[in-house]
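*Asks:* First, the structure itself, so that you have it in front of you.
Since every read-out is calculated from the coordinates, none of them should be taken as a lab result. Just so it is clear, the model here is predicted, and its values are computed rather than measured. Cβ coordinates were reconstructed from backbone atoms using ideal geometry, including for glycine residues, and neighbour counts include every protein chain displayed.
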Amino acid sequence: MKEMYTANENRYDNGMKYERCGRSGVLLPKVSLGFWHNFGSVDPYERSREITHYAFDHGITHFDLANNYGPVYGSAEETMGRLMDDDFSPYRDELFISTKAGYDMWPGPYGNWGSRKYLMASLDQSLKRMHLDYVDLFYSHRFDPETPMEETLQALVDIVRAGKALYIGISNWPLEPLRFATQYLKERDVPLLIYQGKLNMLNREPIEQGILDFCAQEGVGFIAFSPLAQGLLTDRYLNGIPADSRMSKGKFLKESMLTPELLAQLREYNAQAQSQGKTLAESALAWILAQNGVTSVLVGASSTSQLEKNLRCL
C-alpha cells in the first residue's frame, strides 16, 4: 500500500520565484523540472516519486515532457500518468504540464516531424499515457522543413480549439520560421506562449541567432533546456570522466567532447563561480536566468539532493 502524498502546505513560501511568461497570464517557476532523463521505464518509479514530490513541495509547478522521453519512448509520460493517479490528481490545477511531438516516435511515415496527422495522433496518445484530459502546453518539438508551416501551425491552433491544450509552444525552430509562426498564431487568436531552446554558458545560439531578443520583443516566453550542458557545467568532469557518468555511457555526451581546451574553460568558469561563493552549476543556472527574456530554466534530476543543489541558483 503506497503512502498517500500530501503536498507541503508551505510550497509557495519555500523560496521559489515565478516569472511572467511573455505577455500572458501564465507565471512559471524560474526553475522547472524536465523529464527528458530519469523518468523512463528503466528508472526506479519510487525515485521518480521522490523527485517530483520534492519539486512540487518546493514550488516547482511546471513539469516538462515529450512523447518520446524515456527510455523507452513514451515511458516518461506513462510515469507521469502513474504520478497523477498516485499523488498529483488532487493538485492538477496547480500544475503546468507540457508535452511535445516532432521527433521520431513510432515507425512509418506518420510518426515523426510536423504533419497534422502526427501532431494530433501523438497528443491523443500522450494524454492517454499521462491520464490527462488536456495538457497546459503543447509544443512543436522541431522545425519540419518539408511540411508546410501552415499545416503544422494550424494543427496547433486546432489542438487548442479542441480543448486538448491550453497554450502552444515551439522548440528548436530557426528564427525566420519562428517569426512566421508567431504572426500566424497571433492572427488566429492562439498566441505563441513560449519558445524552448538549448541555452547554456557553452552554447549561446539563441542569443547569437537573435531568438532570445525576438521572443522578448514579441512577448513570447523562453525556457532553456540543457542548462548544464548535460552535466559538463557541474563539478563532475573537472578532474576527468567518472565511470558512472553520462559521458562514460557515451549516448548524448561523447568522451571526445572533453577536449583540453574545453576542460580549461570549465575550470576557469569553476574558479569564477567559487570566487563568488557558488558552485559551477549554481553559477551556470544563474547566468541563464539573468539573460533578458528568459522565463525559466529546465533542470533534470536523478536525486532529490541534485534538485536541491540546482534550486540554490535562486
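*Asks:* Checking the a/c ratio against 1.5 first, then a/b against b/c, what shape does the Cα gyration tensor give for the chain?
*Replies:* On the way: a/c = 1.43, a/b = 1.20, b/c = 1.19.
Here the chain falls in the rounded category.
*Asks:* What is the order of 3, 78, fewest Cβ neighbours within 10 Å to most?
*Replies:* Numbers: 3 8, 78 19.
If I rank by nearby Cβ atoms, fewest first, I get 3, 78.
*Asks:* Sequence gap at least 6, Cα distance under 8 Å: using those rules, report the relative contact order of the chain to the nearest whole percent. Write out the running numbers ahead of the final one.
*Replies:* Details: 577 pairs, mean separation 58.3, N = 314.
After rounding, I find 19 percent.
*Asks:* On to the next question. With a/c under 1.5 counting as rounded, go ahead and sort the range 1-147 into rounded, prolate or oblate using the C-alpha gyration tensor (a ≥ b ≥ c being the square roots of the eigenvalues; past the cut-off, prolate if a/b is larger than b/c, else oblate). Could you put the intermediate results ahead of the total?
*Replies:* Values: a/c = 2.25, a/b = 1.44, b/c = 1.57.
The shape class here is oblate.
*Asks:* Do the sum for the chain: with -39,500 (n - 2.57) for every DSSP H run of n ≥ 4, divided by all residues, what is the mean residue ellipticity at 222 nm, to the nearest 500 deg cm²/dmol? Walk me through the numbers on the way to the answer.
*Replies:* Numbers: 11 runs with 113 residues, N = 314.
The helix-only estimate for the chain comes to -10500 deg cm²/dmol at 222 nm.
*Asks:* Among residues other than residue 211 whose Cβ falls under 13 Å from its Cβ, what is the net charge (Lys/Arg +1, Asp/Glu -1)? Can you show the working numbers first?
*Replies:* Details: positive: 179, 198, 204; negative: 176, 205, 208, 213, 218.
Cβ neighbours under 13 Å give a net charge of -2.
*Asks:* Sort 20-30, 216-226 for me by packing, meaning the mean count of neighbouring Cβ atoms within 10 Å per residue, highest on top. Each step should come with its number before you reach the end.
*Replies:* On the way: 20-30: 17.9, 216-226: 21.4.
The densest-packed peptide leads the list: 216-226, 20-30.
*Asks:* Have a look at the DSSP beta bridges in the range 166-293 and tell me what percent are antiparallel, nearest 5.
*Replies:* Numbers: 1 of 10 bridges.
Antiparallel bridges: around 10 percent, rounded to the nearest 5.
*Asks:* Amide H of residue 167: which non-local residues (sequence gap of 5 or more, or other chain) have their own amide H closer than 5 Å, using H built in the peptide plane?
*Replies:* Close amide H contacts, sequence-distant or interchain: 137, 138.
*Asks:* Indicate, rounded to the nearest 5 percent, the antiparallel portion of the DSSP beta bridges found entirely in the range 17-311. Display every interim value, and only then the final one.
*Replies:* Numbers: 4 of 32 bridges.
Roughly 10 percent of the beta bridges in the range 17-311 run antiparallel, per DSSP.
*Asks:* While we're here: What does the charge count around residue 293 come to, taking other residues whose C-beta lies under 11 Å from its C-beta (Lys +1, Arg +1, Asp -1, Glu -1)? Display every interim value, and only then the final one.
*Replies:* On the way: positive: none; negative: 19, 213, 218.
So the environment of residue 293 carries a net charge of -3.
*Asks:* Scan the range 117-180 for trypsin sites (Lys or Arg not before Pro) in coil per DSSP, keeping those whose Cβ has at most 12 other Cβ atoms within 10 Å, and list them by number. Walk me through the numbers on the way to the answer.
*Replies:* Numbers: sites: 117, 128, 129, 142, 161, 164, 179; in loops: 142, 164.
Hits after loop and neighbour filter: nothing returned.
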